[in-house]
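Here's the structure we're looking at; comments come further down.
The values are calculated or read from the model by the stated rules, or taken from the named source; none is laboratory data. Predicted model, so just to flag it, every value in this text is computed and none were measured. Note: ideal-geometry Cβ built from the backbone for every residue, glycine included; neighbour counts use all protein chains shown. When the accessible area is computed, the model is the full protein with side chains, heavy atoms only, and any ligands, DNA or RNA have been set aside. Shrake-Rupley method; radii C 1.70, N 1.55, O 1.52, S 1.80 Å.
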Amino acid sequence: MSAPRKLVAAIALAAASALTLAGCGTTTSDSASEAKTTERGPVDKILFDYPFTALPVYGAIVPIIEARAKEMGVTVEFTNDDMDLGKQVTNLNTYLSSDVDAVVSFPADPASLESIARSYIDAGKYWVTYGGDLENQDATLQFSFEESGRQLGEYAGQWALDNLDGKGKVLILEDMTIQIGQERTKGIAEALAEAAPNLEIVSQQQAITPDEGLTVTSAVLAQHPDVDIVLAAVGDAAQGAYQALIASGRAENDPTTFVGGLDPNLFELQQMKAGNFFRASTYFSVSDLVQQVIDIPIALGKGKKDASVNLPVSLVTVDDPNLDAYIAELGG
């Protein structure tokens, strides 16, 4: 899946609700922020800490990161957080005393990682926040969070005007647990309302994984079987919504149904290519994104002060001339 142009995150996207939150307090000293920061220099070893290891996107991004590290002549290591915030905290504390020079971390629960980030910086290591911001960080790696939501919401609203006379019922699968999800959800809801104000949002619920998307959408369809549009802040949740609609008896090529989700996975793009009702997503270059996991720490090690990156996104529909390339990038 991965090297070139778009995706994520979950890449993006992923969210803290998928993690086990019990027993997740940090174990670093409260006095860490008072410690004198150790002098820092070049970066030779990087730690990539991505807690959502069970999501499909994770298996796609790791090979790209490994290839980029080899190309740039540095070493990269990976935590195995297994969707568990407690494990993320434990793993980061363990690596604090290791010889890594920098960490790139997706903070499932930012408040739980602030003191750890401070400890890394005080220990002479660089901290890069993936998919958001912390108070304690050297740089951040982002990908047009609210703008990506707005692009999807605007397109869905225009589609509703063209195909439903601007009327219809909408389910929004949100992610309100982390910064990326909050900004994306806000962009979707606001742009949709601006583009097609007569649409009715019958429900707005948390869902980030395919299973969550399936469960939530199935429950909503039991009360509102005539839902026309489902928009998801996380692409994997959109897959579950798609499957729930099919299970309810909706034809895959139904002309009055619209499913869209940010950072699409391979299944969704294949449905789009087939002319089915997964109709739109925003996408960015997967390769461009995850190569920054290596490039930003190296830039910091060379003394670059403003090393943060915020990648632009673009809307992808069945008419996109790059659709086949995106599918190939995701392994199709």
Taking the stretch 208-250 and the residues there that are in a loop (DSSP other than H, G, I, E, B) and closer than 17 Å to L266 by Cβ, the one that is least open to solvent (accessible area, probe 1.4 Å) would be V234
Could you list all residues from the stretch 274-297 that are in a helix (DSSP H, G or I) and open to solvent by 20 Å² or more (accessible area, probe 1.4 Å)? D288, Q291, Q292, D295
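Limited to the stretch 271-289, what total is found for residues that are of a type outside the set (S, T, N, Q) and modelled with pLDDT under 90?
Looking only at the stretch 271-289, we keep the residues that are of a type outside the set (S, T, N, Q), and these are 272-275, 277-280, 283-284, 286, 288-289.
From the residues that got through so far, the ones that are modelled with pLDDT under 90 too are 283-284, 286, 288-289.
Looking only at that region, the number is 5.
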Can you tell me how many residues within the stretch 117-134 are at pLDDT 95 or above, assigned to a loop (DSSP other than H, G, I, E, B) and among the charged types (D, E, K, R)? 1
Suppose the filter is open to solvent by 10 Å² or more (accessible area, probe 1.4 Å), touching a strand residue (DSSP E or B) at 6+ places or on another chain (Cβ under 7 Å) and part of a loop (DSSP other than H, G, I, E, B); does D254 pass it? no
I need every pair where a residue in the stretch 37-63 that is free of Cβ contacts under 8 Å to residues at least 40 places away in the same chain and in a helix (DSSP H, G or I) has its Cβ under 7 Å from the Cβ of a residue that is open to solvent by 40 Å² or more (accessible area, probe 1.4 Å) and not hydroxyl-bearing (S, T, Y), sequence separation at least 6 or different chains. V62/F78
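Would you mind stating whether S31 is hydroxyl-bearing (S, T, Y) and modelled with pLDDT of 95 or more? Walk me through it before giving the result.
Working: hydroxyl-bearing (S, T, Y): yes; modelled with pLDDT of 95 or more: no.
Judged against the criteria, S31 is not a match.
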Mind checking which residues of the stretch 72-98 are assigned to a loop (DSSP other than H, G, I, E, B) and either closer than 14 Å to P51 by Cβ or among the acidic types (D, E) (or both)? T79, N80, D81, D82, M83
Here the residues within the stretch 74-114 that are modelled with pLDDT of 95 or more, polar (S, T, N, Q) and surrounded by fewer than 19 Cβ atoms within 10 Å (Cβ to Cβ) are T75, T90, N93, T94, S97, S98
Anything in the stretch 135-168 that is modelled with pLDDT under 95 and small (G, A, S)? List them, or say none. S144, S148
Which condition does Q205 not pass, out of (1) more than 13 Å from L173 (Cα to Cα); (2) open to solvent by 50 Å² or more (accessible area, probe 1.4 Å); (3) within 25 Å of the chain's Cα centre (by Cα), if it passes all the others? (1)
For the stretch 276-307, the count of residues that are closer than 19 Å to I61 by Cβ and of a type in the set (G, A, S) equals 3
Any residue that is touching a helix residue (DSSP H, G or I) at 6+ places or on another chain (Cβ under 6 Å), among the acidic types (D, E), in a loop (DSSP other than H, G, I, E, B) and buried (at least 24 other Cβ atoms within 10 Å of the Cβ) - is there at least one of those in the stretch 168-191? yes
